[in-house]
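Peer 1: Starting off with a structure, shown below.
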Amino acid sequence: MEKLQQLYEGKAKKVYATEDPGLLIVSYKDDATAFNGVKRGTISGKGVINNRMSNRLMAKLEKAGIPTHFVRELSDRDTLVKKVEIVPLEVIVRNLSAGSFSKRYGVEEGICFEEPTVEFSYKNDDLGDPLINTDSALALGLATRKELAVIRAYALAVNLELSAFWEKCGVTLVDFKLEFGRLPDGTVILADEISPDTCRLWDTETGKKLDKDRFRRDLGGVEDAYQEVMQRLEAHDEA
Ligand code: ADP
Ligand code: UDP
């Protein structure tokens, strides 16, 4: 399957059409942005790691019965996916306090929750992806009540699978962001990516951050952290 015209260039990926109208090729870049594009940089080798990691994790989720857009890895940076109409919500699941949760509610990072939280942000760069509740998402027609229920259930199922897997790797899944989309028949599936760009991953022993917070917060060792977490995954992924 070959790339035809470029349909979109985002902050982290390019999206191409293919000869099959139901399929796209996503191509992962090394570009990194934070704070809604205000901070920009390059994380050398990130695209290769995020491509591979996202595909391995999505394949695992498929096995567990969660439908995803993943079709086939084409190369280091390129993957064939099912084309969806993206539901304009960032679905964030949290197991421990961190990031904007800690800031919003004035609590330290690293508080372990009794139950995971699911929150939605309206995916809209001009507005800075504001937090949104289900009533407002319904009012704006972003998704139906049924779709929101399915998305919430899938998000929690993804959390169960991935938390257990990362635990085996000695990594704590602190929080993560998912995106979902609709196939032409209306079926909701998991899309976009799951990577250190979209998850907070802490070494369980030492608490060392192995994710994009090293870039956001200028902690150094960004490339090494991405490589380390990928190596941990490969060492524990039986697939
Ligand atoms: P952004 O748009 O936030 O800068 P990216 O650089 O990751 O993000 O661009 C990838 C774009 O492709 C995103 O807008 C994402 O919602 C979209 N996307 C991801 N998976 C699919 C898919 N299977 N079908 C259609 N669009 C997708
Ligand atoms: N996240 C993401 N894209 C976004 C916002 C958040 O992938 O546009 C991820 C982020 O990497 C973290 C989780 O979602 O794993 C929760 O992020 P948070 O709301 O704490 O926001 P941040 O601190 O990143 O601003």
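Peer 1: I need the calculated FRET efficiency for the pair LEU183 and ASP31, taking r as the beta carbon distance and R₀ as 45 Å, to the nearest 0.05.
Peer 2: Numbers: r = 29 Å, r/R0 = 0.64.
Working from the Cβ atoms, E equals 0.95.
Peer 1: What's the magnitude of the charge dipole for the chain around its Cα centre, counting Lys and Arg as +1 and Asp and Glu as -1 at the beta-carbon? Answer in Debye, nearest 20. Spell out each step's value before the answer.
Peer 2: On the way: 34 positive and 41 negative charges, 52 e Å.
Around 260 debye, computed over the chain.
Peer 1: Right, something else. Which of the GluC sites (Glu not before Pro) found in region 67-142 are loop residues per DSSP with 10 or fewer other Cβ atoms within 10 Å of their Cβ? Working shown, then result.
Peer 2: Details: sites: GLU73, GLU85, GLU90, GLU108, GLU109, GLU114, GLU119; in loops: GLU108, GLU109.
Within region 67-142, the qualifying GluC sites (Glu not before Pro) (loop, at most 10 other Cβ atoms within 10 Å) are GLU108.
Peer 1: Let me ask something else. For GLN5 paired with THR117, estimate the spin-label separation in nm (one decimal), with each label point 7 Å from Cα along the Cα-to-Cβ line.
Peer 2: 4.4
Peer 1: On to the next question. Using DSSP to define loop residues, name the chymotrypsin sites (Phe, Trp or Tyr not before Pro) in region 190-234 whose beta-carbon has at most 13 other beta-carbon atoms within 10 Å.
Peer 2: Details: sites: TRP202, PHE215, TYR226; in loops: none.
Sites meeting the loop and neighbour criteria: none at all.
Peer 1: For region 11-103, state which trypsin sites (Lys or Arg not before Pro) are in a DSSP loop and have at most 14 other beta carbons lying within 10 Å of their beta carbon. Walk me through the numbers on the way to the answer.
Peer 2: Working: sites: LYS11, LYS13, LYS14, LYS29, LYS39, ARG40, LYS46, ARG52, ARG56, LYS60, LYS63, ARG72, ARG77, LYS82, LYS83, ARG94, LYS103; in loops: LYS11, LYS29, ARG77, LYS83.
Here the sparse-neighbourhood loop sites are LYS11.
Peer 1: Next question, about the same structure. Work out how much length GLU73 to ALA59 would gain on full extension: take 0.36 nm times their residue separation and subtract the Cα-Cα distance, in nm to one decimal. Please report the intermediate quantities before stating the final value.
Peer 2: Working: separation 14, 0.36 × 14 = 5.04 nm, distance 1.06 nm.
Extra length available between GLU73 and ALA59 comes to 4.0 nm.
Peer 1: Counting only heavy atoms of the protein chains, get the accessible area per residue of region 170-232 (1.4 Å probe) and round it to a whole Å² value. Each step should come with its number before you reach the end.
Peer 2: Working: 2300 Å² over 63 residues.
Using a 1.4 Å probe on heavy atoms only, each residue of region 170-232 averages 37 Å².
Peer 1: So what's the back-of-envelope 222 nm ellipticity for the chain, counting only DSSP H runs of four-plus at -39500 (n - 2.57) apiece and dividing by all residues, rounded to 500? Present the calculation step by step, with values, prior to reporting the outcome.
Peer 2: Details: 6 runs with 74 residues, N = 239.
Taken over the chain, the calculation gives -9500 deg cm²/dmol.
Peer 1: In whole percent, how big is the carbon plus sulfur part of the accessible area of region 126-221, probe 1.4 Å, protein atoms only?
Peer 2: On the way: 2300 of 4350 Å².
Within region 126-221, the accessible surface is 53 percent carbon and sulfur.
Peer 1: D for region 92-229, whole µm²/s, Stokes-Einstein with Kirkwood Rh over alpha-carbon pairs at 20 °C and 1.002 mPa s: what number?
Peer 2: On the way: Rh = 16.2 Å.
Result for D is 133 µm²/s.
Peer 1: For region 1-118, compute Rh as the Kirkwood radius over C-alpha pairs and then the Stokes-Einstein diffusion coefficient at 20 °C and 1.002 mPa s; write the answer in µm²/s, rounded to an integer. Present the calculation step by step, with values, prior to reporting the outcome.
Peer 2: Details: Rh = 16.5 Å.
Using the Kirkwood radius from Cα pairs, D works out to 130 µm²/s.
Peer 1: What value in Å³ per residue do you get for the convex hull of the alpha-carbon atoms in the chain?
Peer 2: 132
Peer 1: Also, I was wondering about something else. Report the equivalent ellipsoid semi-axes for region 116-188 in whole Å, largest first, defined as the square roots of five times the eigenvalues of the gyration tensor built from alpha carbon atoms. Numbers along the way, then the final one.
Peer 2: Working: eigenvalues 127, 50, 23 Å².
So the three semi-axes of region 116-188 are 25, 16, 11 Å.
Peer 1: Taking 0.36 nm per intervening residue step and subtracting the Cα-Cα distance, what contour gain separates ARG216 from ALA153 on full extension?
Peer 2: On the way: separation 63, 0.36 × 63 = 22.68 nm, distance 2.99 nm.
Taking ARG216 through ALA153 to full extension adds about 19.7 nm, to one decimal.
The values are calculated or read from the model by the stated rules, or taken from the named source; none is laboratory data. The shown structure was predicted, so the numbers you read here are calculated from the model rather than taken from an experiment. Cβ: placed from backbone, ideal geometry, glycine included. Neighbour counts: every protein chain shown. Calculation scope for accessible area: heavy atoms of the full protein, side chains included, ligands and nucleic acids excluded. Shrake-Rupley method; radii C 1.70, N 1.55, O 1.52, S 1.80 Å.
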